[in-house]
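Working notes, structure below.
The values are calculated or read from the model by the stated rules, or taken from the named source; none is laboratory data. Keep in mind that what you see is a predicted model, and the values were worked out from it rather than measured. Cβ atoms come from the backbone with ideal geometry, glycine included; neighbour counts cover every protein chain shown.
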Amino acid sequence: MTARPRLPDTVQVFERGWLSANNVLLFDGGEATLVDSGYVTHAGQTVALVGAALDGRRLGRLINTHSHSDHIGGNASVQRAFGCTITVPAGMAQAVRHWDEAALLLSTAAQHGERFEADGTLAPGDRFVAGELEWQAIAAPGHDMDALAYYNAEHRILMSGDALWRDGFGILFADVLGTGDGLGEARRTLEGIGRLAVDRVIPGHGAPFTEFDDALERAFARLQAFEADGARMARNAIRACITFKLLDVRSIALDDLPRHLDETPLYREANRRFLGLDADALAGWLVKELERAGVARREHGLLVAS
């Protein structure tokens, strides 16, 4: 096991468990910036964590890495609690403005989020100061086609969002849904990130880490496996998103699962494009997979989160 990387004293990471993405709080004297806000059902916990860490300082702004529910779900609650502004990647601004739940993958994946208004945007190449450090916005499409990562060259720190984790990266929704070239964009993102001088990574999920080259190698291997086998990519997306759903609702009636899979656009399209199973067969496969992974169990006609 490797030690957690030492970060500047002005940078504090809240490592969250699913359902929420990690939050990064950066201090500039009496003011602070928060990066990402977690899932909507954890919004109260996010507000409590941030409030305790602020310790009387003012939260001036909240910045998002991308548009998915586990990163933007607490935005409205955080803004209400602290009066901060909200800045989003420029590419997601229209979806937020019109609260397009399909574009935000809320209705697409049967997830939830509270509507908020964005006060400003960041585009690739833009720079800002937070935590007494200058950060550059880096385009990071793939998992989310409008995603940004944030890079500090002085201390060689990368806030990677879901573009790079210690053991992979986020679901490539565009390829699963047939709406874009997520595989190609993810490859270009990893290649671009790989050209940066990085000593410490703050990912969207999991502990901060220093093994940057090793993480890139794992990510490229995962990407190559998905490029070779689209069905593997689709199965991964279905497993991950149903696990997310179970962690939120805690249980799903087994009799209702086939209908849920057929009515939810993400699962329906993943199955249609890559697997070709009927709804009952898809549900049967999924239940066995979740049981095998130890993330769910059958109990009194329910599929229950373990």
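You will find that of Arg4, Arg16, the residue that is modelled with pLDDT under 95, of a type in the set (D, E, K, R), farther than 22 Å from Thr85 by Cα and out of contact with any Leu (no Cβ under 7 Å at 6 or more places or on another chain) is Arg4 and no other. The residues on offer are Glu134, Glu101, and the sole one that is acidic (Asp, Glu) and in a strand (DSSP E or B) is Glu134.
Taking the stated definitions as given, is Val198 part of a loop (DSSP other than H, G, I, E, B) and not assigned by TED's automatic domain parsing to the domain that holds Arg298? When the stated conditions are applied, Val198 passes them. Of all the residues in the range 124-157, those that are without any contact (Cβ under 8 Å) to a residue 40 or more places away in the chain and either loosely packed, with under 15 Cβ neighbours inside 10 Å or farther than 25 Å from Ala81 by Cβ (or both) number 8. Whether any residue in the range 31-39 is surrounded by fewer than 21 Cβ atoms within 10 Å (Cβ to Cβ), of a type in the set (S, T, N, Q) and closer than 22 Å to Leu148 by Cα is what I want to check. No.
What do you reckon, is Ala293 modelled with pLDDT of 95 or more and within 24 Å of Leu106 (Cβ to Cβ)? When the stated conditions are applied, Ala293 does not pass them.
Residues of the range 90-123 that are surrounded by fewer than 17 Cβ atoms within 10 Å (Cβ to Cβ), within 18 Å of Ser77 (Cα to Cα) and touching a helix residue (DSSP H, G or I) at 6+ places or on another chain (Cβ under 8 Å): His112, Glu114, Arg115, Glu117. Out of Arg250, Arg235, one residue alone is surrounded by fewer than 17 Cβ atoms within 10 Å (Cβ to Cβ) and basic (Lys, Arg). It is Arg250.
For the range 167-195, a residue qualifies if it is surrounded by 23 or more Cβ atoms within 10 Å (Cβ to Cβ), closer than 13 Å to Ala219 by Cβ and in contact with an Asp or Glu (Cβ under 7 Å, 6 or more places away or on another chain), and the qualifying residues are Phe169, Gly170.
How about the range 211-225: which of its residues are surrounded by fewer than 17 Cβ atoms within 10 Å (Cβ to Cβ) and either farther than 20 Å from Arg187 by Cβ or among the aliphatic types (A, V, I, L, M) (or both)? Correct list: Glu211, Ala221, Ala225. The condition of being on the phi > 0 side of the Ramachandran plot and among the hydrophobic types (A, V, I, L, M, F, W, C) holds for only one of Ala103, Ala110, that being Ala110.
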